[in-house]
1. Quick one: go through the range 81-107 and flag any residue whose amide nitrogen is under 12 Å from the point 7 Å out along the Cα-to-Cβ line of residue 122.
2. Would you report the distance distribution of C-alpha pairs in the chain as whole percents per 5 angstrom bin, up to the bin with the largest distance?
3. Connecting C-alpha atoms closer than 10 Å in a GNM of the chain, tell me which of 125, 193, 87 has the biggest fluctuation.
4. Counting only DSSP beta bridges with both residues in the chain, tell me the antiparallel percent, nearest 5.
5. Name the shape class, rounded, prolate or oblate, that the alpha-carbon gyration tensor gives for the range 1-102, where a ≥ b ≥ c are the square roots of its eigenvalues, rounded holds for a/c under 1.5, and otherwise prolate holds if a/b is larger than b/c and oblate otherwise.
6. Quick one: of the DSSP bridges fully inside the range 1-122, what percent are antiparallel, nearest 5?
7. If you average the C-alpha positions of the range 144-205 and of the range 76-106 separately, how far apart do those two centres end up, in angstrom?
8. Only bridges with both residues in the range 71-189 count here: give the DSSP antiparallel percent, nearest 5.
């Protein structure tokens, strides 16, 4: 399966299903900065010195088309590490999106560009641009370790990481789960209850009738 087809299938399953199928779930502080943002692609990990975003600028210049920057900014997240300037540069480079355990700014512009960004917040003040960082080395983002070439998927429910060496296994489990849920929905529409279908014991719940 080529990269585009893999990305499309991962997005079709969605992060909730992938997270139940072996993907690593980022903490819920990482979410879309504009409604409808969704992305899937191979990860390019970036580490910044806290308060500085030079690593991100280097990452944008080096990341291959279709990839997603996954950024760790350390213990100083409340700065605007990314905005419209970097978004424009990333679009020209063909980068698919950004996941950052830190803040961004120019949110209206990011939405207008349609560039998928998932962050832990929004902040006005910008970062410096002259301190050390790394591109392509492992990082921690959303309390998940991310290696170069892992797959990252983000949608309205959050962000997950699929390690490259288990991609086939996660996809197989997600297909099984998606098919099982489709059958479940049909039975619910036919009038069966979740108690029946999931074999739940209602005994511990007190009801008025």
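Every number here is computed from the coordinates shown, using simple stated rules; none is lab data. As the structure is a computational prediction, the values presented were derived from the model and not from experiment. So basically every Cβ, Gly included, is an ideal-geometry build from the backbone, and we count neighbours across all protein chains shown.
1. Zone members listed by number: 104-107.
2. For the chain, the pair-distance distribution reads 1, 8, 15, 19, 18, 12, 8, 6, 5, 4, 3, 1, 0, 0.
3. Comparing 125, 193, 87 in the GNM, the peak value goes to 193.
4. Details: 19 of 37 bridges.
Taking every DSSP beta bridge with both residues in the chain, the antiparallel ones total about 50 percent.
5. Here the range 1-102 falls in the oblate category.
6. Details: 2 of 18 bridges.
Bridges in the range 1-122 that DSSP calls antiparallel: roughly 10 percent.
7. 30
8. On the way: 8 of 17 bridges.
Of all bridge pairs located within the range 71-189, approximately 45 percent are antiparallel.
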